[in-house]
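What follows is a set of notes on a single structure, which appears directly below.
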Amino acid sequence: MTLDLALVTWQPEGIARVAAQQLPRVDGVRFVVSWQNHGDAPVPESLLQRDDVEIHRCELTGVANNRNNAVDHCRADIILMADDDIAYDADALREIIAIFESHPELDLATLRYDSSRSKPYPPGEMRLTMPLPVDYWVSTVEVAVRRDSEAGRLRFCPDFGPGALYPAAEDEIFFLAAVRRGVNCRYVPVSIGRHPNLPSGATVIRSKAYYKAIGVFLSLCYGSSAPLRAVIRSWRLRRQGRAPFFRSLFHIIKGITEAPAVMRRNRQYLWP
């Protein structure tokens, strides 16, 4: 089997980061790069010389559109969602291929990455559905899918993620759509490489639109119990020192009220 990394970057500085990474050369593995906000800058010569790297410019805004552009250009059996600031491990990329080869029933695998700040992961390999294990969340860069499956046909909803109307929850919405479509999902404790930065969800949040994104996700995931879960989520945000309770609750509830319109507008990205 073969593996494509659907790697997203933006601005001239982003493509320079990709070039500086010295991406590992692995048989059967390619790096399919979607480059947003490129400013018509030239592709670094070191990338042009690689026969395992493709660069596709993206003219749309928002990280979801950037990821979709990368996925649309992938041709391998397996697609790993990727970012420009992860140091990928060659042995791990081979192991991802081996996982899908040995598990023909597997459509979507969530993996892990190493970081200076630990993220909670399940204790071992397990089947995933909703709700996820306590304190665990799926990050897009940990997701690998079988291209010729329902998981491989999923795309990221353009209303969510940095640069979009709701600048968060693109990971959660993508995974929720996979579950709602009956995709076979498993967590596999394989580290794809090292991520130098904190997860975006670990920082103090101040954006009203971010809270509304949480509200939309809670409504899509939990339906009528979303308001109660909004109270619980706001309490957790306050306890973690990431947001004032009433401020976050107000905007999360507002996101819940906007969820039906989001669903109507984006049904093709969500579920039947």
- Message: Can you tell me which aspartates and glutamates have their Cα less than 20 Å from the Cα of residue 212? Leave out same-chain residues fewer than eight positions away.
- Response: 159, 170, 171, 172, 258
- Task: At 7 Å along the Cα-to-beta-carbon direction for both residue 238 and residue 91, put a label point, then send me their distance in nm to one decimal.
- Result: 4.8
- Among rounded, prolate and oblate, which fits region 82-194 when a ≥ b ≥ c are the square roots of the eigenvalues of its C-alpha gyration tensor, a/c under 1.5 means rounded, and a/b larger than b/c means prolate? rounded
- Query: Quick one: length gained pulling residue 1 to residue 51 fully straight, 0.36 nm per residue minus the C-alpha distance?
  - Reply: 16.2 nm
- Query: Carbon and sulfur atoms: what percent of the 1.4 Å accessible area of region 16-135 do they account for?
  - Reply: 47
- Only Lys, Arg, Asp and Glu count, each charged at its Cβ (+1, +1, -1, -1), so figure out the dipole size of the chain about its Cα centre, rounded to 20 debye. 1680
- Report relative contact order for the chain in percent, whole number only (criteria: Cα-Cα under 8 Å, sequence separation at least 6). 19
- Message: Just the number please: accessible area per residue for the chain, 1.4 Å probe, all protein chains included, in Å².
- Response: 46
- Message: So if I place +1 on the C-beta of Lys and Arg and -1 on the C-beta of Asp and Glu, and nothing else carries charge, what would the dipole magnitude of region 1-79 be about its Cα centre? I want it in debye, nearest 20.
- Response: 140
- Message: If you filter region 79-184 for trypsin sites (Lys or Arg not before Pro), then keep DSSP loop positions with at most 12 other Cβ within 10 Å, what is left?
- Response: 117
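Largest first, how would 135, 85 line up by accessible area (1.4 Å probe)?
Numbers: 135 110, 85 45 Å².
Output order, biggest surface exposure first: 135, 85.
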- Message: With a 1.4 Å probe and all protein chains kept in place, how much accessible area does residue 208 have, in Å² rounded to the nearest 10?
- Response: 110
- Which whole-Hz ³J(HN,Hα) couplings does region 147-161 yield from phi under the Karplus relation 6.51 cos²θ - 1.76 cosθ + 1.60, θ = phi - 60°, glycine and proline marked x? 4, 8, 7, 4, 4, x, 8, 5, 9, 7, 6, x, 6, 10, x
- Item | Net charge dipole size for region 154-272 [Lys, Arg +1 and Asp, Glu -1 on Cβ; Debye, nearest 20] | 240
- Taking every alpha carbon pair in the chain and sorting the distances into 5 angstrom bins from 0 up to the bin holding the longest one, the percent per bin comes out as 1, 6, 13, 17, 19, 18, 14, 8, 4, 1, 0
- Measure of size requested: the Rg and Dmax of region 1-149, with Cα atoms as the atom set and Å as the unit; please supply both. 15.6, 46
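The values are calculated or read from the model by the stated rules, or taken from the named source; none is laboratory data. Every value quoted in this text rests on a predicted model; they were computed, and no experiment measured them. Here Cβ is always computed from backbone atoms with ideal geometry, including for glycine, and neighbour counts include all displayed protein chains. The area values use the complete protein model at the heavy-atom level, side chains included, leaving out ligands, DNA and RNA. Shrake-Rupley method; radii C 1.70, N 1.55, O 1.52, S 1.80 Å.
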